[in-house]
Amino acid sequence: MTSPLALYIHWPFCVSKCPYCDFNSHVRANMDDDAMGEALLADMAHEAALLAGRELGSIFFGGGTPSLMPPTLVARLIDQATTYWTPADDIEITLEANPSSVEAARFSDLAAAGVNRVSLGLQSFEDDALRFLGRAHGAAEGLAALDMAQAQFGRVSFDLIYALPGQTLDEWEAQLARALSLGTGHLSLYQLTIEPGTRFATDVRRGAFEPMDDDVAADFYALTQERTAAAGLPAYETSNHARAGQESRHNLTYWRYHDYAGIGPGAHGRRLNLATERHRKPENYLGAVARNGHGLRTETALSRGEQAVEALLMGLRLTEGVRLDVMASRFGFSEDALIDAQAVDRLAGHGLLLHEESHLALTEAGRLLLDAILAEVVAVEAEAAPA
């Protein structure tokens, strides 16, 4: 049976430059909301023609500041999507939001438009940490936005960032206890990472701050797993925690390597063995839609090997792990060709992997070393010929 489709809608307009990502080319002050809305609707129609007859399991509004989208446009996009595809009875419609008072004031209208889940970028309960992270909101404003979100939406998630320079384990434990007391069914808890090309990478190179030592950060991670599990929100993915039934269905589509359509500037997708990418700059995207009826920049056929590698890399992020027999059947490989059996046995012996018959998963200790383990155990190589 074909899995439900996920739809990602990227709204590219940021209200300020983001210090910890490299998407600053999407900061726009004078873009036409109406023109972008019409382009998104046309782009969706293109994907719908290629993915006809599918059930729609989730819609995710992400990108710059999607909570500043006109609610009437949000409603139009939802209406069009659920006309093109058959919505699941429990369709999840998520919108990312910054916890500013301006955006929180729109929550009622967004809920009326059809949004039923919000992912709120709190990031910290401490004003000093928020300033370090370059956030425009303060802690009190963020908590007020969370209250408003919980009053309007049936499902609410928020994120926090930990392992900040100078942060102590006791400080993080107090923040985590507060987060767990706020009653949401989902938390995204990320260690601070220094990505190349970002402001943080520049600051580290200049000696403005020193990232937390890996061994100390490991203690933060272990504490996080222990406290969330005890509170009934265990990790279901490396950085995501949820009560049973409150997992992000949209993100599970990515991690389980099912099809998702991505529309809007810079959006990526996976459609029928193709990797799709839209034009990144809003101006280029609008021009492409005007010329071609869609915003595609590239559409690349993926070989069976490339698909298998991506599916393993994504699936092993999940606590549930992967079924190697299912993957072997899906991509046309033997189980032995998918993984390095010797590396798996060795890592299992060190308590970093679980390998029982065709089931492969990382242990809690293994998830701390995710990238290094993936590099060792994934054996299948990309092929030249597409599937």
- prompt: Out of all the residues in the range 263-275, which are touching a helix residue (DSSP H, G or I) at 6+ places or on another chain (Cβ under 9 Å), surrounded by fewer than 23 Cβ atoms within 10 Å (Cβ to Cβ) and either farther than 19 Å from Gly332 by Cβ or in contact (Cβ under 8 Å) with a residue 60 or more places away in the chain (or both)?
  reply: Gly266, Gly269, Arg271, Leu272, Asn273
Top-ranked residue in the range 108-131 [being assigned to a strand (DSSP E or B) and of a type outside the set (Gly, Ala, Ser); ranked as nearest to Asp79 (Cα to Cα)]: Arg117
query: Do we have any residue at all in the range 282-292 that's part of a loop (DSSP other than H, G, I, E, B) and either more than 20 Å from Ala6 (Cβ to Cβ) or touching a residue at least 24 places away in the same chain (Cβ under 8 Å) (or both)?
result: no
message: I'd like the residue in the range 344-368 that is in contact with a helix residue (DSSP H, G or I) (Cβ under 7 Å, 6 or more places away or on another chain) and assigned to a loop (DSSP other than H, G, I, E, B) and, out of all such residues, is nearest to Tyr190 (Cα to Cα).
response: Leu368
query: Looking at Tyr221, Tyr260, which is the one that is at negative phi, buried (at least 20 other Cβ atoms within 10 Å of the Cβ) and outside the structural domain of Gly53 (by TED's automatic domain parsing)?
result: Tyr260
field: Residue that is surrounded by the fewest Cβ atoms within 10 Å (Cβ to Cβ), among those in the range 145-195 that are touching a helix residue (DSSP H, G or I) at 6+ places or on another chain (Cβ under 7 Å) and acidic (Asp, Glu)
entry: Glu195
- prompt: Can you pull out the residues in the range 315-330 that are charged (D, E, K, R), under 18 Å from the mean Cα position of the chain (by Cα) and part of a helix (DSSP H, G or I)?
  reply: none
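May I ask you to list the residues in the range 238-281 that are under 30 Å from Thr224 (Cα atoms), part of a loop (DSSP other than H, G, I, E, B) and not acidic (Asp, Glu)?
The initial filter retains those residues of the range 238-281 that are under 30 Å from Thr224 (Cα atoms), namely 238-258.
This time we only want the ones that are part of a loop (DSSP other than H, G, I, E, B), so: 238-239, 243-248, 256-258.
Matches in the range 238-281: Thr238, Ser239, Arg243, Ala244, Gly245, Gln246, Ser248, Arg256, Tyr257, His258.
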- prompt: Any idea which of (1) at pLDDT below 95; (2) part of a helix (DSSP H, G or I); (3) under 24 Å from Pro265 (Cα atoms); (4) more than 20 Å from the chain's Cα centre (by Cα) is the one Gly134 doesn't satisfy?
  reply: (2)
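When you scan the range 197-207, do you find a residue that is in contact with a strand residue (DSSP E or B) (Cβ under 7 Å, 6 or more places away or on another chain) and either hydroxyl-bearing (Ser, Thr, Tyr) or free of Cβ contacts under 8 Å to residues at least 60 places away in the same chain (or both), even just one?
Filtering the range 197-207 for residues in contact with a strand residue (DSSP E or B) (Cβ under 7 Å, 6 or more places away or on another chain) gives none.
No; the residues of the range 197-207 include none that is in contact with a strand residue (DSSP E or B) (Cβ under 7 Å, 6 or more places away or on another chain) and either hydroxyl-bearing (Ser, Thr, Tyr) or free of Cβ contacts under 8 Å to residues at least 60 places away in the same chain (or both).
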task: Determine if the range 241-254 includes at least one residue that is crowded, with 20+ Cβ neighbours inside 10 Å, touching a His at 6+ places or on another chain (Cβ under 6 Å) and closer than 21 Å to Leu189 by Cα.
output: yes
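Answer yes if at least one residue in the range 336-355 is β-branched (Val, Ile, Thr) and touching a Leu at 6+ places or on another chain (Cβ under 8 Å), and no otherwise.
Looking only at the range 336-355, we keep the residues that are β-branched (Val, Ile, Thr), and these are 339, 344.
Now restrict to residues that are touching a Leu at 6+ places or on another chain (Cβ under 8 Å): 339, 344.
Among the residues of the range 336-355, at least one is β-branched (Val, Ile, Thr) and touching a Leu at 6+ places or on another chain (Cβ under 8 Å), which makes the answer yes.
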query: In the set Glu356, Glu299, Glu335, which member is touching a residue at least 24 places away in the same chain (Cβ under 8 Å) and among the acidic types (Asp, Glu)?
result: Glu299
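The values are calculated or read from the model by the stated rules, or taken from the named source; none is laboratory data. In this text the structure is predicted, and so the values were computed from the model without any measurement. With ideal geometry, Cβ positions are generated from the backbone for all residues, glycine too; neighbour counts draw on all protein chains shown.
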